[in-house]
Every structure is written in C-alpha cells, then in structure tokens.
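The values are calculated or read from the model by the stated rules, or taken from the named source; none is laboratory data. Nothing here was measured: the structure is a model prediction, and the numbers come from that model. Cβ placement follows ideal geometry from the backbone for every residue including glycine, while neighbour counts extend to all protein chains displayed.
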Amino acid sequence: MKRQPLALHWKVLIALALGLVAGTLVHQFWTPSVWASLGVSDPAAFLAFKPSDANAGAGLPAQAARFLGDANEFVGQLFLRLLRFIAVPVVIFSLIIAVAGVGDVRTIGRIGGKTLLCFGATLIVAVVIAVALGWTVKPGSFVTDEARDRIIAQYAGESAQRVQTAHQLKDEGVFAYLLGIVPTNPFNAIANAQMLQVVASAFLIGIGLTMLPRERSGPVIAFCEGLAEAVMQLVRVFMLAAPVAVFCLIAQFVSVVGVGALQSVLAYCLCVVGGLGIVLLVEYPLLMWLLTPRANKMTFGRFFRGMAPAATLAFSSSSSSATLPVTIQCARDRLKVPSEIVNFVCPMGTTLNMDGTALYQVISVLFLAQLYGIDLTLAQHLTVGVMAAVVAVGTPGLPGASVVMMAIVLESVGVPTEGVAIVLAVDRVLDMCRTIVNVAGDAVACVVVAGSEGTLGKDEPA
Ligand code: ASP
C-alpha cells in the first residue's frame, strides 16, 4: 500500500519542534569556550565580519560554523521577505474583488457590518478576559524588587526608543489619526506599506467599481482576479518551503535568546499565555460552534487542522501581515469559506482585528501597575481595557508592534513608561503567541460571517 505523504501542518509542526530543540542546544552548548577552541576569542566581531586580532586563529571550522548560522538566518528571512512581497498585493486585489464582487453598496454594508460586529465582539470578550485575569492572578506580585530593577537597567535603552515612537504616534491626536487612514495618494500608501491606507484605497476603488455598469467594471475586476489568483498560486509554492523556513526561524531565535529570560517574569508570561489560550481554545471555538449552521458546524478539530499552517507561521514570524497570504489560503481551501468572504474579511482583519494584541496589552499594563505598587481603581481597569482595545485596532501586524503602542496605554493610567523595559525582555516569545490569536481571530470572523450568510462550505464555481 502506498504511504500517504505527511500533511503540511504536521511537517510544519515537526519543524517547529526540531527548531526549538536545535536552537536550545546551540544556546546551551555553543559557548564562548567552544569559539575559543576554534580560534575565535571575540565571537561578536567574528560573526559581524569585523577584523579583529583576537580572531586571527580562526580556521575553517569556525568559518563553517559562521556560514551555517548565516545560511540558517538567510533561509528564514528569505521566506518572510517572499511572503511580505505578497502581503500588499493580496490586500489590494483581494479587497477590490471582494468589495466589487459583492455587487451593491447595501450588501457591502451588510457583510462589512457583520465583519466589524464580529471583530468588535471578540475584541471585547478578549479584553474582559484580560482584565479578569490581571485583576485576579496579580502577576506583578510575583516579581521581586531586585529582579525588577535588574531588568529595567538591562533594557533601558531599547525601551526609551519605543516610548519615544509611541509619543510621536500619540501626539497626533484622534482626528489626525483618523485623517491619516484616508490616503491622499494610494500609490504612496502602497509604496510605504501603510496597511490601513492600503485597505481604505482598495475599499474605495471597490465601491467605485460597484457603481459602474458591469461591462465597464468587468475587465478591471477580471484583471484584479487574475493577479489575486497569481499571488495565491505563489503562496502555494512558497508554502512547500514552510517547514524548512519555520525550522530556521525558530532555531535562530531560540539559539540567540534561549528560554532563560522567562524565569523572573514567569507568572506574567503564564498569565498572558493562559489568557491567549482561553481566547483561542474556548472563546473562538464556542463562538463558531454557536454561530455556524447545524449542517455545517465548524468543530474544534476542523478549525485547528485547517488553520495549523497559518498558526505555525504566525508563531515563527510574529507577523500577521506576513502570514496574511497563508491565512487566506487556509480559510479558503481548508475551512471552505467562500473567496468573496475570505477576500473581504482577512485583509481587513490583519489591520483591524487584534484580539491577542489587546489581551496582551491589558495584562502587561496591569502587571506593570502591580509591579510599581500602583493601586488601580475599577474605573482605571476599565480605562486600560478601552485604551488597549483602541490601541490594538491601530497596531500594525508586525513583530513587536505592541510594545511600541503599549506606552500609550501605560500613560493613560499613570504607570511609568520605563516599565516597557520589563515586558521587552520577554516580548518576542509572547509576540509569537499573540500573533497566533490575531491570525486565528481573522479566520473565526470569516467562518462566522460565512455561516451567517449561509455560504460556509458551499462549493465555489470553478
Ligand atoms: N506581532 C503582532 C502581529 O503581527 C502585533 C503585536 O505586536 O501585537 O499580529
């Protein structure tokens, strides 16, 4: 009997586990003394190709080790660049054909309304879970003053930079922020990957197309459809390399950072991961179970099997924007959500729907308040929730984006922004986890909207 090839999501998960093991081994055992035995006394300079007398004895084995590390990083970054190359065209063409394909402005309003309702409802639940966890677990009470001061000193420089970026963002004010979403030049938005502006541009062009007679809009829509199909075909090809890329990305990350950074803030990390787990494993499945028709229930297993490639990629890239093409592919091909819904919901979701980010920000701000001994009132807890929800909507789907935005929430309740240094120490790991939730949330919205439209699982016309 011929053996079935292993499904992609299994390959990616196995690669993820192997990457974790390989990275941990390198982090533990590839110490400066190993470099020294290879003739390298200043590894930092050697790895950065800086000439140094200390490394004059470096021979072929040392060069080979450096080459291997660089090649590993190259493969992971190449994969991410290819996906990023696709992210902007996917948003534009998918959204134009989705909006134009819906046909009339009333239907766009209906589907758009349901989508925003779903984004809003899941966001509110995520924030409530976060406030409840932060309030009851009190992760800040588990850190000693000594550990707090040590981490702040270590990450002070980096955190100051992020806080400054947040100030620049905040100083704009609400109306300037809203105006900033409206593109004055769509090509500028595309060139600078300003995702909110790109979404707005595609939306406007799509609406314009619905107002034209079909014989005028038809060729433009067909052109966009052709390009959207072409980029999605590229995603299918790129995904064949996903197991290798995921291995490289994880191995590189763990080999540099290790898992030791987690120790002193373990309770906080567990609180965030626990909250994300509740959203992912309880809130989302329950919502889909309740809101999909009986004939086509989206079960727990079906959803997670379908979304596994996107989830593992979200975990290893920490970027919902880079994962977008794969999210679309999984929702469409594996969860059987019709293209017109996927193309509409996912591109908007990557920019607007950030449940994991909101949850993370709430728990982090409450954690820091507790750490600094600041007693927040109930009203201040609510302020944190509301601010985090608003800030999450404006957070781009990029690695570490939350930490920049968090300073705004911290300041809303008077928690010292230097605390950003503490969460920065463990941010990357938590970023990997919250990005899974951000990506899964988009797929949940696809399923719920398609379920309510009665189109979930319907075969698409060829
Ligand atoms: N990395 C997250 C994402 O891409 C954003 C964040 O930092 O929360 O979805």
message: With the requirement that a residue be in a helix (DSSP H, G or I) and over 17 Å from residue 349 (Cβ atoms), what does the range 392-404 give you?
response: 403, 404
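Yes or no, residue by residue, for (1) within 21 Å of the chain's Cα centre (by Cα); (2) within 30 Å of residue 141 (Cβ to Cβ):
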| residue | (1), (2) |
| --- | --- |
| 325 | yes, no |
| 340 | no, no |
| 345 | yes, no |
| 349 | yes, no |
| 353 | yes, no |
| 359 | yes, yes |
| 393 | yes, no |
| 397 | yes, no |
task: Can you tell me which residue among 429, 448, 415, 437 is within 16 Å of the ligand (Cβ to nearest atom) and surrounded by 24 or more Cβ atoms within 10 Å (Cβ to Cβ)?
output: 437
field: Identity of the residue in the range 129-138, assigned to a helix (DSSP H, G or I) and touching a helix residue (DSSP H, G or I) at 6+ places or on another chain (Cβ under 7 Å), that ends up surrounded by the most Cβ atoms within 10 Å (Cβ to Cβ)
entry: 130
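Looking only at residues in the range 262-305 that are among the charged types (D, E, K, R) and within 21 Å of the chain's Cα centre (by Cα), which one is modelled with the highest pLDDT?
The selected residue is 283.
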task: Report, by residue number, each residue of the range 295-315 that is within 22 Å of residue 18 (Cα to Cα) and either within 16 Å of the ligand (Cβ to nearest atom) or crowded, with 24+ Cβ neighbours inside 10 Å (or both).
output: 307, 309, 310, 311, 312, 313, 314, 315
task: Under 8 Å between Cβ atoms, at least 6 apart or on separate chains: pull out the pairs that start in the range 241-267 with a residue that is charged (D, E, K, R) and end on any residue that is assigned to a loop (DSSP other than H, G, I, E, B) and modelled with pLDDT of 70 or more.
output: none
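Might you check whether a residue that is in a helix (DSSP H, G or I) and of a type in the set (Val, Ile, Thr) occurs anywhere in the range 35-58?
no
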